[in-house]
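Engineer: One structure, pasted below without further comment.
Throughout, read-outs are computed from the coordinates displayed, never taken from laboratory work. Bear in mind that the values here come from a model prediction, so they are computed numbers and not experimental data. Reconstructed Cβ throughout: ideal geometry from the backbone, glycine too, with neighbour counts over all protein chains shown.
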Amino acid sequence: MTSLAERYEAVVCDLDGVVYRGPSAVRHAVEALDALSIPVVYATNNASRTPAEVAAHLGALGVTCTAEQVVTSSDAAAWLLTDEVAPGAEVLAVGGAGVAVALEAAGFVPVRADGAAERAVPAAVVQGYGPAVSAADLAEAAYAVEAGARWVATNTDATLPTDRGVAPGNGSLVAAVARAVGHDPAVVAGKPHPPLYLLAAARLDLDVSRVLAVGDRLDTDIEGARRAGMDSLLVLTGVDDLEAAVGAPTEQRPTFIAPDLRWLHRDPDAGEPSLTALGTAVERARDAPPDEDSRLVEAYSLLSGLSGE
Ligand SMILES: [Mg+2]
């Protein structure tokens with residue numbers, strides 16, 4: 001028997017909807033992650049928290065994790081700049097603490113907007129989410145971009161789910177600056193764009209083909225994995241369900257679909273039903289006419305068989 005995890009040399013794991021949901025750990029996640037014998041890197045589009053904060057959060061849930069095992073979209077944005085901007089250059093940091101900490105770790109001098117018109121134009125702008133980002137901060141970003149600074153967005157998630165509803169996410173704030181300057185950022189670091197996953201593979205010192213990406217969202221985690229050249233596992237513990245997986249366009253189709261993280265430790269081809277049988281049923285459902293009521297029945301029946309215990 002070869003478990004899913006044993007087919008790879010490392011796992012790159014999403015957080016929200018995979019490891020935790022709101023204040024609680026996702027069922028089976030902590031035990032499954034701790035039992036892995038291959039390295040795990042946690043990769044999150046959330047740009048506002050620092051890797052140390054994320055690691056502490058995971059630790060509180062019972063997941064063994066160091067700050068070195070966490071890559072954020074801020075880290076990926078700063079990493080991208082190392083190819084283009086000289087070490088020690090000033091970079092305008094828009095967003096939470098995560099942005100400035102990532103820039104510093106990559107050898108840059110993060111600067112904050114202070115409204116001073118005489119300040120030199122920064123070499124680049126890294127724009128990430130922060131709950132305190134203001135219209136004045138967005139204005140400073142626009143001024144710097146208009147003056148020629150390279151503009152990198154950590155991520156472009158349009159919305160941010162909160163306990164009170166849906167708030168504008170970094171994508172909406174980036175869109176505000178884009179509207180003002182008349183063009184999009186030069187590059188976006190977070191999923192579904194490849195840099196965050198590529199940074200994770202670089203951290204692991206592994207080729208992307210040896211890494212399995214795990215996530216709960218087709219349009220970020222899975223599409224990003226495909227674009228980065230990684231195989232992927234969609235777990236149905238977060239945003240997307242089996243019906244969404246059936247309806248996913250080609251570029252968002254995962255290599256594997258499983259009810260939860262326990263399946264990292266099981267052979268996808270073994271058992272009755274098997275994970276592979278579920279994958280085949282999903283493919284069959286995709287081929288069926290979309291208005292055929294029965295097309296999802298087989299896939300859902302296999303899923304319920306796989307979800308037991
Ligand atoms: Mg997620």
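Engineer: Out of ASP34, ASP163, ASP216, any idea which swings most in a Gaussian network model of the chain, alpha carbons joined below 10 Å?
Structural biologist: ASP163
Engineer: Find, among the trypsin sites (Lys or Arg not before Pro) in the stretch 22-118, those assigned to loop by DSSP (not H, G, I, E, B) with at most 14 other beta-carbon atoms within 10 angstrom.
Structural biologist: Values: sites: ARG27, ARG49, ARG112; in loops: ARG27, ARG49, ARG112.
The qualifying sites are ARG27, ARG112.
Engineer: So how much slack lies between VAL121 and GLU243, counting 0.36 nm per residue of separation and subtracting their Cα-Cα distance, in nm? Write down the numbers at each step before the final one.
Structural biologist: On the way: separation 122, 0.36 × 122 = 43.92 nm, distance 4.88 nm.
Working it through step by step, the gained length comes to 39.0 nm.
Engineer: Where Rh denotes the Kirkwood radius from the mean inverse Cα pair distance, what is Rg over Rh for the stretch 179-309?
Structural biologist: Details: Rg = 16.5 Å, Rh = 15.8 Å.
Across the stretch 179-309, the Cα-based Rg/Rh ratio is 1.04.
Engineer: Right, another one. Starting from 0.36 nm per residue, how many nanometres of slack lie between ASP287 and THR250 once their C-alpha separation is accounted for?
Structural biologist: Values: separation 37, 0.36 × 37 = 13.32 nm, distance 1.23 nm.
Stretched out fully, the ASP287 to THR250 stretch lengthens by 12.1 nm.
Engineer: In addition: Using packing as a proxy for protection, rank 241-248, 178-185, 66-73 so that the peptide with the highest average count of other Cβ atoms within 10 Å comes first.
Structural biologist: Details: 241-248: 17.4, 178-185: 14.0, 66-73: 22.0.
By packing density, highest mean first, the sequence is 66-73, 241-248, 178-185.
Engineer: Using only the alpha-carbon atoms of the stretch 74-188 as identical scatterers, what base-10 log of I(q)/I(0) does the Debye formula give at q = 0.09, 0.10, 0.16, 0.20 Å⁻¹?
Structural biologist: -0.20, -0.25, -0.65, -1.02
Engineer: Would you mind checking the radius of gyration and Dmax of the chain based on alpha-carbon positions, in Å?
Structural biologist: Both quantities, over Cα of the chain: 20.4, 69 Å.
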